[in-house]
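The values are calculated or read from the model by the stated rules, or taken from the named source; none is laboratory data. Just so we're clear, the structure is a prediction, and the values are computed from it rather than from any experiment. Neighbour counts run over all protein chains shown; Cβ positions are idealised from the backbone, glycine included.
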Amino acid sequence: MRWPAKNAGLGIAAMSYITVDYLRHLSPTWHSRLQPVLWSLLALAAVVRVPSYRHWSAEFRSAIPFVASMLFMLSALLFEALSVRSVTAVLGLDWHRNTPPLPDTGQWFLLALNEKLPSPIVEILRARIIGLHHFLMLFMMLAFSVLFDSVKAPGLGLGARYMFTMAVGRLLRAITFASTILPSARPWCAGSRFRVPGYPHPWAQKYYVPYAKDHDAISRLINLDTAYVDIGKPVGDYQPDWGSMSFLIDFLRPTVSEGPSWFSLLKKAGGGCNDLLYSGHMLVAVLTAMAWTEAYGGFSSALVWLLLLHSAQREIRERHHYTVDCIVAIYVGVLLWKMTGFIWSHEAKSSNRSLTKLETIQSRLVQASKDSDIDKVRELLKEIELISEESKDPTGIKYARLFRCATIFFALTIVVLAFTLTSDG
C-alpha cells in the first residue's frame with residue numbers, strides 16, 4: 001500500500017459517493033436531492049479536465065488491449081451465465097427444495113456475535129452499506145482519476161488489467177462451481193429464480209440418483225467403478241428448435257413457458273443459486289480493493305478493504321454464500337491481481353525506449369558539463385530534442401482529438417451501463 005496517497009481528493013469523492021448512496025435507506029428524500037448533484041459535479045469535473053490531460057498517446061497505445069480485455073470479459077460472463085443455469089437445471093427443482101444447506105461455521109459465528117455484541121454494532125453489520133455496483137463505481141472513479149493525476153496513466157491500461165483479471169477469475173469460478181454442485185444456503189432460491197423441470201437431467205438420473213442415499217449402492221459403485229443400476233428409459237426434456245444453438249438444450253433444460261429464445265432465457269435468472277465456490281461478488285470487491293491499493297493507496301484504500309470485509313460478512317449473514325466461498329474469493333482475487341501486473345502497473349517500467357535513451361544521455365550530459373565541453377553539451381541537447389519529437393503523438397492532432405472524444409464518450413457510457421445494470425446485484 002502506498003501511504004499516503006498523492007492527494008486526498010479521490011478518497012473524499014469515493015467516500016462521499018458511498019455516504020450519499022446509503023442515504024437511500026436513511027432518508028430517501030435527501031438521497032434523491034444529493035445523488036444527482038454529486039454525480040453532476042463528478043462528471044463536470046472530469047469533462048473540465050479533459051482538455052488539459054497530457055497522456056493521450058499512452059491512452060491510445062492502451063486502446064487495443066482495453067477493447068480485447070473487454071471482449072474477453074464479455075465472453076467469460078456469457079460462459080458463466082450458461083454454467084449458472086446449468087448447475088441449477090441438471091438436478092431439477094425437487095432436489096433444490098429438499099436438500100438441506102451445508103453446515104457453515106461462519107454463519108454460526110455471526111449468529112453467536114449477534115447475541116454478544118451491542119445491538120447498535122449488530123445493526124451496523126446488518127446494514128446494506130455497499131453492494132456490487134458500488135465496487136464497480138469505485139473502480140470507475142479510480143480509472144477516471146488519471147485526469148487529475150491521482151493515478152498513473154494510462155487509465156485504459158488500468159481498465160484493461162481490471163477486466164482481464166476479472167475475466168480470468170470468472171472463468172476459473174465457473175469451472176470451479178460447475179465441477180461439484182453444492183446445495184444453496186437458501187433452499188427456496190432455485191424455485192423462485194428459475195423455471196426448470198422438477199426432475200433430474202437424464203445424466204443425473206443414471207449416474208447420481210440411484211446412488212445418492214443408499215450406502216450399500218455407493219459402496220458397490222466404488223468397487224465396480226461402473227453405473228450398474230438399470231434405470232430403463234430416462235424421463236426426457238422439452239426440445240425447442242434453437243437451430244445452431246440446440247446443443248445448449250442439454251445444459252439449460254428449457255421449459256415451454258420460457259419462450260423460443262435461448263438468450264432471453266439466460267437473462268431471466270437475475271443471479272444464480274448454486275454458483276457458490278467461489279463468490280463472484282467478492283471477486284469484484286477484491287479486484288477493486290487491490291486496484292485501489294496499488295494505484296492510489298492512502299487511508300481511503302484501508303476504508304475500501306473495510307467495506308469489503310463488511311460486504312463479505314453480509315454475504316454470509318444473509319446466506320447468499322457459504323464462508324468458504326468468500327474466503328476463497330479473497331485470496332484468488334489477490335493472487336490473480338498480482339499475476340497481471342504486466343498489463344498495467346503503478347511502478348515505472350524501463351521498457352520505454354525514449355525514457356531509456358534519456359537516462360543514457362543524462363549521464364553523458366553530466367560528464368560533459370563536468371568537463372566543460374560546450375560542443376558536447378550542445379550535441380546532447382540536440383539528441384534530447386530529437387527524442388522529444390519522436391515521442392510526440394504520431395496520430396496527429398485531428399485523430400488525437402477524435403480519439404479523446406470517443407474515449408470519454410465510451411467511458412461515460414460504460415459507467416452508466418454498469419451503474420444501471422448492476423444496481424440490483
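A few remarks follow.
- Taken as a whole, the stretch 29-42 holds at least one residue that is surrounded by 14 or more Cβ atoms within 10 Å (Cβ to Cβ), within 20 Å of ALA295 (Cα to Cα) and either at pLDDT 90 or above or not β-branched (Val, Ile, Thr) (or both).
- Considered as a group, the residues in the stretch 209-230 that are among the β-branched types (Val, Ile, Thr) and under 26 Å from PRO100 (Cβ atoms) include one that is surrounded by the most Cβ atoms within 10 Å (Cβ to Cβ), and that residue is VAL209.
- Residues in the stretch 99-108 that are in a helix (DSSP H, G or I) and over 28 Å from the mean Cα position of the chain (by Cα): TRP108 only.
- Just one of the listed residues (ILE316, ILE343) is assigned to a loop (DSSP other than H, G, I, E, B) and either modelled with pLDDT of 65 or more or on the phi > 0 side of the Ramachandran plot (or both), namely ILE343.
- Of residues in the stretch 296-321 being more than 20 Å from ILE129 (Cα to Cα) and out of contact with any Pro (no Cβ under 6 Å at 6 or more places or on another chain), the one surrounded by the fewest Cβ atoms within 10 Å (Cβ to Cβ): GLY297
- Every residue from the stretch 239-262 that is among the hydroxyl-bearing types (Ser, Thr, Tyr) and either free of Cβ contacts under 8 Å to residues at least 24 places away in the same chain or outside any loop (DSSP other than H, G, I, E, B) (or both): SER244, SER246, SER257, SER261
- Selection status of MET245, under 30 Å from TRP337 (Cβ atoms), in contact with a helix residue (DSSP H, G or I) (Cβ under 6 Å, 6 or more places away or on another chain) and either assigned by TED's automatic domain parsing to the domain that holds THR180 or of a type in the set (A, V, I, L, M) (or both): no
- Per the conditions (1) in the same structural domain as ASP325 (by TED's automatic domain parsing); (2) at pLDDT below 80, the sole criterion not satisfied by ASN274 is (2).
- Residue in the stretch 28-44 that is among the β-branched types (Val, Ile, Thr), within 23 Å of LEU287 (Cβ to Cβ) and in a helix (DSSP H, G or I) present: no
- For the stretch 113-155, the set of residues classified as free of Cβ contacts under 8 Å to residues at least 12 places away in the same chain and small (Gly, Ala, Ser) consists of SER119 only.
- Test for ALA178: is it part of a helix (DSSP H, G or I), farther than 17 Å from LEU287 by Cβ and in contact (Cβ under 8 Å) with a residue 12 or more places away in the chain: yes
- Scanning the stretch 263-284 turns up one or more residues that are out of contact with any His (no Cβ under 8 Å at 6 or more places or on another chain), surrounded by 16 or more Cβ atoms within 10 Å (Cβ to Cβ) and within 17 Å of ILE18 (Cβ to Cβ).
Conditions tested, residue by residue: (1) of a type in the set (Val, Ile, Thr); (2) out of contact with any helix residue (DSSP H, G or I) (no Cβ under 9 Å at 6 or more places or on another chain); (3) not assigned by TED's automatic domain parsing to the domain that holds LEU172.
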{"position": "GLN205", "(1), (2), (3)": "no, yes, yes"}
{"position": "ASP225", "(1), (2), (3)": "no, yes, yes"}
{"position": "ARG253", "(1), (2), (3)": "no, no, yes"}
{"position": "TRP262", "(1), (2), (3)": "no, no, yes"}
{"position": "VAL284", "(1), (2), (3)": "yes, no, no"}
{"position": "MET290", "(1), (2), (3)": "no, no, no"}
{"position": "TYR296", "(1), (2), (3)": "no, no, no"}
{"position": "SER300", "(1), (2), (3)": "no, no, no"}
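- Selection within the stretch 224-244 - of a type in the set (D, E, K, R) and within 17 Å of ALA212 (Cβ to Cβ): ASP230
- Complete set of residues in the stretch 160-181 that are of a type outside the set (D, E, K, R) and under 11 Å from the mean Cα position of the chain (by Cα): TYR162, MET163, PHE164, THR165, MET166, ALA167, VAL168, GLY169
- Condition broken by MET141, with the remaining ones in (1) under 27 Å from GLY272 (Cα atoms); (2) surrounded by fewer than 23 Cβ atoms within 10 Å (Cβ to Cβ) satisfied: (1)
- Any hit, the stretch 50-60, residues being touching a Pro at 6+ places or on another chain (Cβ under 7 Å), part of a helix (DSSP H, G or I) and either among the hydroxyl-bearing types (Ser, Thr, Tyr) or surrounded by 13 or more Cβ atoms within 10 Å (Cβ to Cβ) (or both): yes
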